[in-house]
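Reviewing the structure listed below.
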Amino acid sequence: MAFRRCVLLEIGGFDPLMGPGASFVAAEDLDVAGRASARGWEGRYCPEVTVRHHHGRKASDVPGQFKSYGLGLGAYHVKLFLRGHEFRWFAQILYQAPRRYKQSRRMFFWEVIGAAKYLCSWFTGRSNSDFNKISR
């Protein structure tokens, strides 16, 4: 994933509550792409660009990865609600909740937890690393 610098400047960059790396959510890419799209920027798929990296994941890492994705998705949903101007998207997310619950109850559970954690972080002004320290 790559962005033009002017896009990141226009949308205010990455949200520190969505966090990179070891924070409790893994949705910083979804968030920044969604905000850029909402401002009218378009993405492009470039198959000629290749990035190779070894992430070191194994099959046993998959449940933790899905947990992280669920937490991130829930946090993203709440962020849309809190920002207000994306209420239509948030309403669509609520409408689709029963289908997501049927597809994966565990993933849906983590969405709810991620939403609550983001809400707590947003209201208290704590960063993800601060929140992780007190929630362990």
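Listing for the model above:
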| read-out | value |
| --- | --- |
| Qualifying positions in the range 24-46 - within 21 Å of residue 114 (Cα to Cα) and at pLDDT 85 or above | 27, 28, 29, 30, 31, 32, 33, 34, 35 |
| Matching residues in the range 23-32 - criterion: being farther than 16 Å from residue 82 by Cβ and crowded, with 17+ Cβ neighbours inside 10 Å | 23, 24, 26, 28, 32 |
| Criterion (at pLDDT 90 or above and surrounded by fewer than 18 Cβ atoms within 10 Å (Cβ to Cβ)) met by exactly one of 88, 83, 5, 106 | 5 |
| Condition check for residue 97: more than 15 Å from residue 30 (Cβ to Cβ), modelled with pLDDT under 85, of a type in the set (A, V, I, L, M) and out of contact with any Phe, Trp or Tyr (no Cβ under 7 Å at 6 or more places or on another chain) | no |
| Residue 21 modelled with pLDDT of 85 or more and at positive phi | no |
| Count of residues meeting criterion [of a type outside the set (Ser, Thr, Tyr), in a helix (DSSP H, G or I), exposed (fewer than 15 other Cβ atoms within 10 Å of the Cβ) and at pLDDT below 75] in the range 117-136 | 3 |
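The values are calculated or read from the model by the stated rules, or taken from the named source; none is laboratory data. Every value quoted in this text rests on a predicted model; they were computed, and no experiment measured them. Because the Cβ atoms are built from the backbone with ideal geometry, glycine has one as well, and the counts that use them run over all protein chains shown.
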